[in-house]
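See structure below.
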Amino acid sequence: MKDILTISDLNNLKLQFWSMFFSKCYPNGYYEEKDIELSEYIRTKYNLSIDWVDEFTKYYDGVFDDNDGYVNNPRKLRVELNGENLLEIEFHPGDTVFYINGENIGCTGPHFYIHKISWKNMLDLVQKLRNVEEVFFLLLPMVYVEENEINEVLNSISCNLHKLPFELEDCEIIKKCIINNIRKK
């Protein structure tokens, strides 16, 4: 597997990649009404292979002792956004780190640092892109949503989620977990 991936590379990795991404990138994804935590739900429901995740993130025995879960040459996804902006996501065994134009905008690991992009700003970055559905979800963990935007966001998640390899019956659970993760508190 290549170290530098593009959005088109994800087509071959679709179910594994998106299962891993959703299970790692929404650290507060919880649907209180049904007592469902997104990471656990996705890993269990979609049989996410730990071996595949370890290979993808370049895990090795001792990585947490040696480098606190970070590798020197992580697998990286690069995606062009609107306005000549470049989204890069590094996948480490212990963290997923997000950059726009080389500037760290957050991470979803144990010391998560999220909610750095407004909903409106995110829409400006992704609207009218060729693979808008995938890019939408790649950037969504870094977004914060105001209370008055929740219905719009839920509708957008519903409209875009069908392009990902999740079963239709899971969409309601996934979107409720995501909104609880990105809702500004």
Suppose we filter the range 157-185 for residues that are of a type outside the set (S, T, N, Q), in contact with a helix residue (DSSP H, G or I) (Cβ under 7 Å, 6 or more places away or on another chain) and outside any loop (DSSP other than H, G, I, E, B); how many remain? 12
Scan the range 124-156 residue by residue and report those that are part of a helix (DSSP H, G or I) and either basic (Lys, Arg) or closer than 15 Å to CYS25 by Cα (or both). GLU134, VAL135, PHE136, PHE137, LEU138, LEU139, LEU140, PRO141, MET142
For the range 48-59, indicate whether the set of residues that are part of a strand (DSSP E or B) and of a type in the set (Phe, Trp, Tyr) is non-empty. no
Do you know which of the residues in the range 74-131 that are of a type in the set (Phe, Trp, Tyr) and in contact with a helix residue (DSSP H, G or I) (Cβ under 6 Å, 6 or more places away or on another chain) is farthest from PHE17 (Cα to Cα)? TRP119
All conditions in (1) on the phi > 0 side of the Ramachandran plot; (2) in contact with a Ser or Thr (Cβ under 6 Å, 6 or more places away or on another chain) are true of HIS115 except (2)
Would you point out which residue out of LEU5, LEU77, LEU13 is under 18 Å from the mean Cα position of the chain (by Cα) and free of Cβ contacts under 8 Å to residues at least 60 places away in the same chain? LEU13
Could you go through the range 33-43 and let me know if any residue there is under 22 Å from MET122 (Cα atoms), of a type outside the set (A, V, I, L, M), at pLDDT 95 or above and outside any helix (DSSP H, G or I). no
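I'm trying to understand the selection: among the residues of the range 33-53, which are surrounded by fewer than 14 Cβ atoms within 10 Å (Cβ to Cβ) and among the charged types (D, E, K, R)?
GLU33, LYS34, ASP35, GLU40, ASP51
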Taking the range 15-56, which residues are of a type in the set (Val, Ile, Thr) and more than 15 Å from ILE178 (Cα to Cα)? THR44, ILE50, VAL53
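The values are calculated or read from the model by the stated rules, or taken from the named source; none is laboratory data. Here the structure is a predicted model, which is why all the values come from computation and not from measurement. So basically every Cβ, Gly included, is an ideal-geometry build from the backbone, and we count neighbours across all protein chains shown.
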